[in-house]
Each structure stands twice: as structure tokens, then as C-alpha cells.
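The values are calculated or read from the model by the stated rules, or taken from the named source; none is laboratory data. From a predicted model like this one, the values you see are computed outputs, not experimental measurements. Glycine also receives a Cβ, built like all others from the backbone with ideal geometry; neighbour counts cover every protein chain displayed. Accessible surface is based on the protein model in full, side chains and every heavy atom, while ligands, DNA and RNA are left aside. Shrake-Rupley method; radii C 1.70, N 1.55, O 1.52, S 1.80 Å.
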Amino acid sequence: MFKPARMKKVKLLLPVEQEDRFLKEVSKLGILQVTAVERRPSNFSTDINVIIEKNNLLNLVKRCDAILNKLPKEGIITQLIGKSSRIECSDEEEAEIYANAQSILNNAEDKLNKLEKLRMLKLSTRKQISLKISSLLKENFIVLKRINKTDYLVILEGWIKKSDANKLIVIIPESVRKECLVLLEDSTDLKNILKVKIATLIQNYSIIDEILRSYGIASLSEEEEKVEAKKVEDIEEIIDVDLLKQQVTLLRRVLLRKIEILKAKENIVRTSFSIYIEGWIREKDLEKLVSMLKKGYTYELSVNDPEKWEEPPVALENPPIIRSFEIITSMFGVPGYRQLDPTPFLSVTYMMFFGLMFADVFDGILLLIFSLLLYRGLGSRSHNGKMLSELLIMISISSIIFGFLTGEFMGGVVKLPVLWFNGFEDPMYFLQIAILLGVVQLTLGLAIGFLNELMAKRLRNALEKLAWLMLLYGSIIVLLNYLQYLSGDFYLYFGSATAVSGLILLMIANLRNLIEVTRLVSNIVSYTRIVAINISHVGISRAFTLLASPMIYAGGFFGILTGGIILLITHAFIVFIESFIAFAHSLRLHFVEFFSKFFEPMGNVFKPLSLSW
Amino acid sequence: MDVLTLISVLSAIGFSGVGSMLGIAMTASVSSRMIAEKPERFGLALVFTVLAETPVIYGLLVSLFIIMNASSVNDFNTSISLLGSGLSVGLTGLFSGLGIGIAGSAAIGAISEREDLFGKSLIFTVLPESIVIYGLLVSIVIIRGVGLLGGAIPHHIDSASAYTSLLSSVIICVTGGSGYYLGKTGAKAISSLLKDEDSFGKSIVFVVLIESIAIYGLLVSILLLRGAGMI
């Protein structure tokens, strides 16, 4: 748990005809990372055709991407919480899709071209109609599009110049005007032209028609409009966008799976009869590989521990409950194979810092609900999405726990018993807690750094870390003595001697450390941000809750409903903004203050050959 | 509400508002350009744009603290202290907003090329935000010190304590100027991530050195406030 998974170096000899079967089966298990052969036997060579085929497939993937980019995409809410429609297929279907890749792509591109033409046609049709209306209005008073008649009413629809709008009202005789409704609205495509609708009784139609004719009426050829619309419909019928998207997405995944296999093949060397594979496997997975090989393979397998000069790939291995925190470690970089994995330490302190910054039972529950929705949506789409949503679930639980400990519910408007302390009511105590947490985390960082250096047998560096600890704790003892928490000269002399010895050791190790001493102070003070973020969260939460409470207290169905809606919307806003701030600043405290004491991301991530859909 | 208290409210919301406005304007304009080409990265761009909004939220919070208790402010010394509180969060918010805007724009540019740089770019964008958090901390200590937070009865503030509060807020405001330069150096560090991702650890050392100035400012401010009996 505290160190990356133990790795074994695997060297394997197989007959050529078993290559494809082996790669397919091992990729289903997802246990082996095939690496380039370091010392190639003289009669073995790399297959150049594999490289050519891989590049061809990469070009096909680019064509898929280009097609998918042109198709309409899902909205962000659907992407986040909408459940993914998983696309998978059997081996036979996969082979068929792969064989027809070119024709699928040609067909899709052809349809896309038609879609593009459709768009252009729609644009040009609208443009043509607009031009026609403009030209007709130069010579006529009104352009009529449609006349709808019922037994009692007539509705005329058309266009009129903006400058003629007043004239239209005036020219209708007063006797008819009372029984006439004229609606005018701006036209989206045409400047200085208004859409007009005139509704009147059937007996007035002849009078209005006569007047309009005397001023000049033109009608838009409906037949012409219908013909254009028909062309558009024809093309729309041809293209089923969803089906097209599904086909290309599936093809893309099939191609990516083939590319994965080819990448592995690139690293394999061969003769006409046999292939030679080198790679890394987790020690715990070795048994799976051996039992797979025993099922019908002719093989020669050699398994070794990594040599001292070798840097095996790193697979972080943590219990399921804290596995999601690996995403934070990986964001910074993975540790070297022989270094300690900071994830277990980080999982505790990260939850603690986030919980303290975002301590509120109600907001924590809202965040938990959102995280669960995200787990259902984004979590079903990708491995990283699953890890992120699990991480959010963990930290939302932490915020609920710290909400109970600090008695916070909706910014303290709803009273809960305070089980530990309330940061909003007692910020000075909270400041002391924050500083203490800072000292504890820095101590942890320096102690891990000390152990890391000892394990790597770099004694000088290990001593440097020890000197930092001496300086830190010597200074703290002196400070506590000054503040009279520790009384007596012994503490003053002991603290001073420890701090000065630490400082001297640091200077001997590296003079640059003298500049770094001030950073130790700034590192500790930096933890006070926990207090500020907590108080800002509680303050904003309290203000928003007080905004909605008069409506809720007023009672009645609508009062409670309106108040409830306001409460939910405002707290959803808090959850979005404040949880992000707490997340980012917890991240910062770990990356800048904690990791800088011991962690250098020197490792390469273990990427086993795996063909996931 | 007397004139000084009013000015303190205006300082808190006004300056931080200008900072947020400029920060959002910078990040939003880059985001708009990016999502025209890569609409699927809308969510990531939104994160950086929203980050620039935080200074004004802190400004709003301090304004609300003061407004809600304005009726109990009845002497000149308390008003002077509150002016310090408003200035602390307001001016640090201004510098912070500018810094977030500059670094956030660079971060959006970086993730438009490489999405996997999101986490590391986020750290460089969050660094200028620390400045307004330090300002907020000083504001809260002052507001608490004059008895407007936590339901305590207003304390009697003598003129020495009042002017010390104002001085401590001036210190955090001046050192908070580092927020702007944190943004500038953060933006450069983000650009270098595009060239060499391993430069993250070293770049952060340089950027954090600038932030140290504000942390020392915070330390001196807190010690001054302690000396003035506000803590």
C-alpha cells in the first residue's frame, strides 16, 4: 500500500503462429506491458509492415475524428450525468467492421457532404426568399405569403417595409379598423422589413383587398417555396445522424483496439518461426500469465526481478477505499518505483482539509447527490470519470462528517450540536488548529522524504531532511516557550540548540537552503487558508439561507415551495463554487507545501496491453 | 451607517468586483475562442472562468458582514477598523482577479492544446487566488476583533487598535500586489509546461517565491492585530 506494486521482468519466446492469439488473450487479462527489446538477439528483427499498418490505421482514426467533430454533440449535462450507451460488439462483428472500415468511412463522409449541402441549401433558400421579398417591396406596398380563410375570419400574412407600418393602419377605413387586428414583428432575416399579420372578419376582406391592391400587392410564389422545401426534406430523409454517429464511434473503437495490438507488435522482434517478447508484469499477476500460457502454448518463459539500474513502470496499489485518491497523486506525477507512494497519507489529509474547508451537512449531502449522479454518468463512460466521481463521493462524505463535528447545517441557520468546535464562532481556535495541521503535514512530508532518501541510500540528502525537522521543531519549542505554553529555560536552550544545529547542518548540505528557510515559515502560514475558506463558505451559506427563510417561515404551499426552490438553487451554486475552491486549495496545499518536501515524480506509469471498449 | 463604514463596504465589493470583472473578461474571451474550435472543452474552460469570480464572492461576504451589523457601529474607531477590513479584501481581490485572469487565460490556451495539463495549470491559476484569501483572513480577524462576527457584543476599540487595524490592512494590500505578478509568472510557467511537462516542480518553486511576499505580509498583519488586541 505504501509502495508501488512489485514488478517482474518477463522474457517470452513463442512460435510466430501463436502471436495473434497470445496478444488477444493477454490483452483481455490486461496484465502485461510489452516493452522494447533491449538486447535484441542477432537473428531477430522488427516487422516493418507493422509500423506501416499502424500508421494507416492512425489515419483512419483521424478520419473518424473529423467525421465525429462535424456531427452534433451531446450537451455538457448529458455528458456529466447521462448514462452512457455502451457500444460493444463480438469478435466476429469486430472483424467485419474492421474489414469494411474503408467503405464505412467513405459512406459516412458521403453522407456528411450531403449534410453540408443541406445546410447550404437551407441557407441559400432563405437568402433567396429574403432577396425576393426585398425586391418585391421596392415596387409594392405589401408582399403576401399566405391568405387563410375560415367561415368567419380571414388572416393575411406577409411582409411590409418598416417605414410603411403607420401607413398600413391609416389606410384601413375606420369602419373596418374596429374589426381588424394588425400584428407587426421584426423579421430575423430582413433589415427594415416587418412581418405582418392582418386578421379581420370575412365580410371585410374585399374592402381590405381592394385598398391593398390600390397601393400594390405582390405575392410570393408558394409553389417555388414548396419545391425548395421538398429538396431539403429529401436529403434529411437520407441521413440518420444518430446511426451515422454510432457506426463511426464503433469503428473508431475497433481501430483503436487494433492500434493497441500493433503498438505491442512494434516492440516484438521476430524470425520466420518465432517471436521474442519483453515486458513488465505485476508480481501478483504472474500466476495468471503462466496459467494462460499452459493452455496450448509452446513457450519459453523467463521471469526476473528488476535490476538495480532498471526503472520498472509504476502501478500504484492501494485499497479500494482510497484508490480514487491516486488520481490526485497522478495529477502531480507518479513516484519512482523505489519511492514511497504518497497516496495513503494524502487520502487522510486531503479529506481532512477539504472537510474542514467545506464543512456543512446540507451542502455535503448536495455534493454527495451530485457525485452519485456523476458516478452513474461520467463514471460509466471512462475509468478516469469513475475515479473522479469516487473521489468526489469520498470528499463529500468528509464534508458531512466535519459538518457534524462543527455543527454546520445551511451555514449554521439550522442549529446542530457542536461536537468539536465551530470555526465561524471561534476563528482563533480554528487558526491554531490550521497551523497545527500544517506542522503535522510538513513533519509527515519531511519524515517520508527522510525515509525515501534512506531507502535510496542517499545519506547526505536524508540528513538534510532530518536537519529540516530539527529546525522546524527547535523553532516551535522556542516559540512555545516565548508564548509561555512551555515554561522554563530548559525548553529555550534545548529548542535553540536544536534549531541552530539544524540550520548549520542545512548550510553544510547546501548553502541554498538558507534561502529556503523562509519558505518553511510561509509553508506553515499558508495553512491558515483553511480557516478563511471555511468562514467564507459558512458566511455565504448563511446569507443565502437567510434569503430564503422568510418565505419558508411565511408558510403556505407557495411560500414553502418558492423558499425551497431558492434554497436549492443558491446552495447548488455554493456547492459548485465553494467545493471547487476547497478542492483546488486542498490540492495546492498538497502539491506546493506537502509534496515539495519529499516527492519527485520520477516514475513511468504502468500501461498494460488492454483492449477495453 | 456612517460614511467610513459605507466606504468600507464600497471598497470590499467595488475593488474585488473590478478584479473579478477583469479576470473573467480575460479568461472568457480566450474561452470563447477556444470553444469555437474545441466545443468539448467547454467545461474545463468554465472552471478557469469561474475561478476569477471568487474575489468578488469574498468581497460580497465581507460587505454582507458589515452591512448586516452596520446598525451596531456607532463610533469612529470601529469605522476606521472596518475601513481596513473592506480595503483588505477589496484590494487583494483586485490583484487576485487580475492574476487569475492572466494565469487562467494561459491555462485555457494550454488545455486547448493538451487536455492532460488541466491539473497542473489549475495549480498555477489557484496561486493568485491565495492573495484574496489572505486579505479575507485579515478582514475576518478585524471584523471579529470589533465584535461584529460570532454574535459578540461590539468591543470598545481605542484609536491605537483602530489605526493598527488599518495599518495591517495596508500591509496585506501592498504585499497583495504580488497577486498580479503571480499571475504573470504563472502564465509563463504554464507555457513552459507545454514545452516540458517535467518543469512543473521547478517552476512552482519560482512562482511560490513571489507568493511568499504576501504570506510575510499576512504574518506581519496578524502579529500587528494580535498586538492591537484584535486576536
Find how much the distance from A:Ala572 to A:Ala99 grows on full extension, using 0.36 nm per residue of separation minus their present alpha carbon separation; answer in nm with one decimal. 165.3 nm
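As a test of reading the structure, rank A:Arg21, B:Arg144, B:Arg33 by solvent-accessible area (1.4 Å probe, protein chains only), most first.
B:Arg33, A:Arg21, B:Arg144
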By accessible area (1.4 Å), largest first, A:Trp309, A:Trp280 order as A:Trp309, A:Trp280
For A:Cys89, tell me the accessible area in Å² from a 1.4 Å probe, rounded to the nearest 10. 20 Å²
Label point distance in nm, A:Ser135-A:Val61, each placed 7 Å from Cα along Cα→Cβ: 5.3 nm
Compare each residue of the stretch B:40-62 in its chain alone against the assembly with all protein chains, and report those whose accessible area goes down by 40 Å² or more; 1.4 Å probe, heavy atoms. B:Glu40, B:Val50, B:Ile57, B:Tyr58, B:Leu61
Going down the list A:Lys127/A:Lys162; A:Lys245/B:Lys195; A:Lys9/A:Lys265, which pairs span over 28 Å between their C-alpha atoms? A:Lys245/B:Lys195
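How much accessible area is lost when chains A and B come together, counting both sides, with a 1.4 Å probe, in Å² rounded to the nearest 100? List each step's numbers first, then the result.
Numbers: alone 33080 and 10120 Å², together 39580 Å².
The A and B chains share an interface burying roughly 3600 Å².
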Asserting the computed 222 nm helical MRE of chain B (DSSP H runs at least 4 long, -39500 (n - 2.57) per run, divided by residue count, to nearest 500) equals -29000 deg cm²/dmol
Asserting the computed 222 nm helical MRE of chain A (DSSP H runs at least 4 long, -39500 (n - 2.57) per run, divided by residue count, to nearest 500) equals -20500 deg cm²/dmol
Kirkwood Rh (inverse of mean 1/r, distinct Cα pairs), chain A, angstrom: 31.9 Å
If I take every Cα pair under 8 Å that is 6 or more residues apart in chain B, average their sequence separation and divide by the length, what percent do I get for the relative contact order? 25 percent
Cross-link reach from B:Lys202 to lysines, straight Cα distance under 18 Å and at least 8 residues apart if same chain, gives A:Lys597, B:Lys120, B:Lys184, B:Lys188
Please find the FRET efficiency linking A:Val348 to A:Lys127, where r is the Cβ-Cβ separation and R0 is fixed at 56 Å, and quote it to the nearest 0.05. 0.30
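Before I look further, what does the stretch A:125-232 give for accessible area per residue, probe 1.4 Å, in whole square angstrom? Display every interim value, and only then the final one.
On the way: 6830 Å² over 108 residues.
Accessible area per residue, the stretch A:125-232: 63 Å².
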What dipole magnitude, in Debye to the nearest 20, does the stretch A:125-232 give about its Cα centre under +1 on Lys/Arg Cβ and -1 on Asp/Glu Cβ? 360 debye
Looking only at other chains, what is the average number of their beta-carbon atoms within 10 angstrom of each beta-carbon in A:522-530? 5
The stretch B:203-208 - phi-based ³J(HN,Hα) in whole Hz, Karplus 6.51/-1.76/1.60, Gly and Pro as x: 4, 5, 4, 5, 5, 5
Three principal axis extents, largest first, for the C-alpha atoms of chain B, in Å? 58, 32, 23
Once you've got the GNM for chain B with C-alpha springs shorter than 10 Å, pick whichever of B:Pro55, B:Pro128, B:Pro39 has the biggest mean-square fluctuation. B:Pro39
What span do the alpha-carbon atoms of the stretch A:268-358 cover on each of the three principal axes, reported in whole Å from largest to smallest? 64, 30, 21
Dividing the alpha-carbon radius of gyration of the stretch A:334-466 by 2.2 N^0.38 Å, where N counts its residues, gives 1.33
Tell me which aspartates and glutamates have Cα within less than 15 Å of B:Lys38's Cα, excluding those fewer than 8 residues away on the same chain? A:Asp65, A:Glu74, B:Glu113, B:Glu115, B:Asp116
Before anything else, pin down the relative contact order of the stretch A:125-232: Cα pairs under 8 Å, at least 6 apart, normalised by residue count, whole percent. 33 percent
Rounded, prolate or oblate: pick one for the stretch A:483-558, where a ≥ b ≥ c are the square roots of the eigenvalues of its C-alpha gyration tensor, a/c under 1.5 means rounded, and failing that, prolate if a/b is larger than b/c, else oblate. oblate
Anchor A:Lys178: lysines whose Cα lies under 22 Å away (excluding residues fewer than 8 positions away in-chain): A:Lys149, A:Lys167, A:Lys195, A:Lys197
Keeping all protein chains in position, work out how much accessible area B:Met21 exposes to a 1.4 Å probe, and write it in Å² to the nearest 10. 110 Å²
Length-normalised contact order of chain A in % [C-alpha pairs under 8 Å, at least 6 apart]: 22 percent
